[in-house]
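The values are calculated or read from the model by the stated rules, or taken from the named source; none is laboratory data. Keep in mind that what you see is a predicted model, and the values were worked out from it rather than measured. Cβ: placed from backbone, ideal geometry, glycine included. Neighbour counts: every protein chain shown.
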Amino acid sequence: MRSKIEEYEAVEKAAEKFVKSVAEGNSKYARELFVDEAVLFGYLDGDLEHGSIEQFYDNVDSVAAGDKFNARIDVVLLEETLAVVRVLEESWGGRIDFTDVILLLKMDGEWKAVAKAYNQNSDTIQN
C-alpha cells in the first residue's frame, strides 16, 4: 500500500536535518536525525570511509559548505517503516559533489537514519 503524501513530507523533513547540517557546517541537526549506531560508507577523495557516523559529523564540523553549496532531496522509496532518501550535493567545501543515500526507519513514530552511503563524483576527487 502506498503511503500518503504527508508521510513523504515527513521523510523529506527528516532528511532536511542532514542538509541543514551540511549547509551550516554544524552536525547538530544531523545528530538529531541519525541513531547513535548509524553507519557510514563511501570514498572521500579516493579513501574509503566506513564505520561510525561520527566520521560524517567530523567532516561536517570541519569543512564549511561554502556559498555555492546546493542540495536536493528525493524520497526514493517509502514503505510503512522504511524509507530510502537520495540527497544530491553540489559544491560542498567549494569543490565536491556527492550523491548520498540515507536509509531511514520509523521508530516510535519518528523517522531516524540508520545508515549513510555516498559517492563522490569522480571529477571532484583530489589526491
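When restricted to residues that are under 30 Å from Arg2 (Cβ atoms) and under 13 Å from the mean Cα position of the chain (by Cα), region 84-110 contains 13. A Cβ distance below 9 Å, combined with a sequence gap of six or more or placement on separate chains, defines the contacts here; from region 1-23, residues that are in contact (Cβ under 8 Å) with a residue 12 or more places away in the chain reach residues that are buried (at least 18 other Cβ atoms within 10 Å of the Cβ) and in a loop (DSSP other than H, G, I, E, B) in the pairs Ser21/Ser27; Val22/Ala65; Val22/Phe69; Ala23/Ala65; Ala23/Phe69.
Among all residues of region 28-43, there is none that is farther than 17 Å from Leu105 by Cβ, at pLDDT 95 or above, touching a Leu at 6+ places or on another chain (Cβ under 7 Å) and not β-branched (Val, Ile, Thr). Could you go through region 61-73 and let me know if any residue there is within 18 Å of Glu7 (Cβ to Cβ) and in contact (Cβ under 8 Å) with a residue 12 or more places away in the chain. Scanning region 61-73 turns up at least one residue that is within 18 Å of Glu7 (Cβ to Cβ) and in contact (Cβ under 8 Å) with a residue 12 or more places away in the chain.
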